[in-house]
Amino acid sequence: MPVDIAERLRALPPGSAVALKLDPREYADHYFAVLNATLRDVGSETEVHTIYMTVTNPAAFVWSLAQALDVPSDRISFVDAISHIMMNYADPLPNATYIDSPRALEEIMLRIEYLIKKFPHPRTIVVVDSVNALAIHNPPELLSEFFHILLNSLKSRQVITLVLETNEEEATPVEQMLNLVVDETIDIARGGR
Amino acid sequence: MEEPTEPPAPAVVPGNGGLMGPATVLERCATGIEGVDNILSGGIPRGNMVLVAGSVGTGKTTLSLEFLVRGAERGERSLFISVTEASDKLMQNLSTFEFFRSDLVLNGSLVFVDLPVVYDRLGLEHEELLPDEIDILIRTIRDLVRSLGAKRLVLDSLTSVGYRIRRDERIRDFMLRLGQALSDEGCTALLVSEVSPTPGRYSLHGVEEAIVDGVILLWNTRRQGDILRVLQVVKMRGTAHSRAQYVMELTPIGILLAPHLKGGRGEGA
Ligand SMILES: Nc1ncnc2c1ncn2[C@@H]1O[C@H](COP(=O)(O)OP(=O)(O)OP(=O)(O)O)[C@@H](O)[C@H]1O
Ligand SMILES: [Mg+2]
């Protein structure tokens, strides 16, 4: 199991953008390791506000995992862009904001900005979960434009952005673009090295 | 009433706008709406008169009011001249926004005036305003701005005043003189124009957009069944500005803007 992801996250200077690469063959382990590191180890530090944008799983699912990890609820907010289209919206979380569709990319940017401004904290971390899920719903040119604008805007606000990415056999155009915009890549399979 | 605490700033300061920047940069009236100030590279050149044009429910009043609230917060006294909606009802609607602060109204830095009441007091009762009545109207607004020391003004809406100034040459004259009076007072103004979207026409008479210093356009567009609000600055004298389209959201903490993504599909995607 990777041990030093949290250490690497703590060492990031404000405004960093990082790709977290998960191996599809060990997806569940890696996903849990990422949640552990981001939400529990780093996210529960007092100065940190985490904005977790999810398209992969409904916020309620991520939140249930987070609760199992004893993550405090007052410093994590969700932007959920999947529950609506999965008809999974019956029981909305109080700390989540819901977007009609993962195609509403501008809306995603606006909600993240809203949460940053609404809950000012010394350290804000935005998690984007994930490139692959967004790519199912959006054409690559649009997604590249989205990431380019989002990451630059978060950088200028001194926000740390963590982009989850499941390694494909071959790098997709969006991944190639991401590699250009992020400051570093953490490969979960290599224990964060 | 307290005097607004505005530091005296030079009308013209040395420019440092990069390679393509102008030799001099006009003093800005930062709208205080971050997204709009980014588009306008800092704000509206002070003293400009700007048309805020859009069809019903596109957010013209909200944008204008936030402009005034942000100004009042910065110590610039702000004046809202309401024609279409009674101002007490307006303030009620406003109170649903967190960015609205009623203390600004109470301490006199944000002032609401109902134009119909003004018409009454001045005895301007003709359906069609005659030239000397238009004169009185301009002087009244100027005196109001001067006596309050207002640095920001909103007229909501120019269209409804335009209905009472029926002829093109009179609306042109009204606007030229109003613009001059306001800019003499260093007052930056937003004039709301209620138009149904026809390309290239932003006002009731069709002459207004040529006279104003700037045009901010608001409209609704559809994407996959959702309605998006879009904002675009089509003109702003005295500054470089983005002419791109932005998606606008009216949130409790104020207006937020994000670039309208095109995804390499160009215009009209
Ligand atoms: N508290 C609020 N939060 C978010 N949106 C709101 C709020 N209050 C009103 N709105 C939205 O703003 C819209 C109206 O905005 P606004 O009055 O600024 O538009 P307008 O262009 O001035 O409209 P009109 O042409 O009717 O004068 C409403 O239809 C509603 O969708
Ligand atoms: Mg209105």
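The values are calculated or read from the model by the stated rules, or taken from the named source; none is laboratory data. Only a predicted model underlies this, so the values are computations on that prediction, with no experimental measurement involved. As a convention, Cβ positions derive from the backbone with ideal geometry for all residues, glycine included, and neighbour counts pool all protein chains shown. Note: areas computed on protein heavy atoms with side chains; ligands, DNA, RNA excluded. Shrake-Rupley method; radii C 1.70, N 1.55, O 1.52, S 1.80 Å.
Annotations
- Residue B:117 satisfies every condition listed in (1) within 16 Å of ligand 2 (Cβ to nearest atom); (2) out of contact with any helix residue (DSSP H, G or I) (no Cβ under 7 Å at 6 or more places or on another chain); (3) among the β-branched types (Val, Ile, Thr) except (1).
- Filtered residues of the stretch B:68-87 (kept if within 15 Å of ligand 2 (Cβ to nearest atom) and either out of contact with any helix residue (DSSP H, G or I) (no Cβ under 8 Å at 6 or more places or on another chain) or in a loop (DSSP other than H, G, I, E, B) (or both)): B:68, B:83, B:84, B:85, B:86, B:87
- Looking only at residues of the stretch B:90-106 that are within 15 Å of ligand 2 (Cβ to nearest atom), without any contact (Cβ under 8 Å) to a residue 60 or more places away in the chain and among the polar types (S, T, N, Q), we find that the one that is surrounded by the most Cβ atoms within 10 Å (Cβ to Cβ) is B:93.
- Residue check: residue B:116 meets all listed conditions (1) within 27 Å of residue B:230 (Cβ to Cβ); (2) in a helix (DSSP H, G or I); (3) open to solvent by 30 Å² or more (accessible area, probe 1.4 Å) but one, namely (1).
- Test result for residue B:77, buried (at least 24 other Cβ atoms within 10 Å of the Cβ) and either over 12 Å from the mean Cα position of the chain (by Cα) or touching a residue at least 40 places away in the same chain (Cβ under 8 Å) (or both): yes
- First in the stretch A:120-140 and within 13 Å of chain B (Cβ to nearest Cβ), second anywhere and in a strand (DSSP E or B), Cβ under 8 Å, 6 or more apart: A:134/A:128
- Among the residues of the stretch A:16-31, the ones that are touching an Asp or Glu at 6+ places or on another chain (Cβ under 6 Å) and of a type in the set (Phe, Trp, Tyr) come to 0 in all.
- Pair list, Cβ < 8 Å and 6+ apart or interchain, from the stretch A:62-88 residues that are modelled with pLDDT of 90 or more to residues that are among the polar types (S, T, N, Q) and assigned to a loop (DSSP other than H, G, I, E, B): A:63/A:95; A:76/A:95; A:77/A:95; A:78/A:95; A:81/A:101; A:82/A:56; A:82/A:57; A:82/A:88
- All positions within the stretch B:124-139 that are open to solvent by 40 Å² or more (accessible area, probe 1.4 Å) and not acidic (Asp, Glu): B:126, B:130, B:131, B:136, B:139
- Every pair of residues 6+ apart whose Cβ atoms lie under 7 Å, when the first sits in the stretch B:50-61 and is more than 10 Å from ligand 2 (Cβ to nearest atom) while the second is open to solvent by 30 Å² or more (accessible area, probe 1.4 Å): B:50/B:213; B:51/B:202; B:53/B:202; B:55/B:196; B:55/B:197; B:55/B:219
- Within the stretch B:52-72, considering residues that are within 14 Å of chain A (Cβ to nearest Cβ) and either more than 8 Å from ligand 1 (Cβ to nearest atom) or among the β-branched types (Val, Ile, Thr) (or both), the one surrounded by the most Cβ atoms within 10 Å (Cβ to Cβ): B:66
- Residues that are modelled with pLDDT of 90 or more number at least 3 in the following helices (runs of 4 or more DSSP H) confined to the stretch A:107-184: A:131-137, A:140-156.
- Test: residue in the stretch B:175-190 that is farther than 30 Å from residue B:262 by Cα and of a type in the set (Lys, Arg): yes
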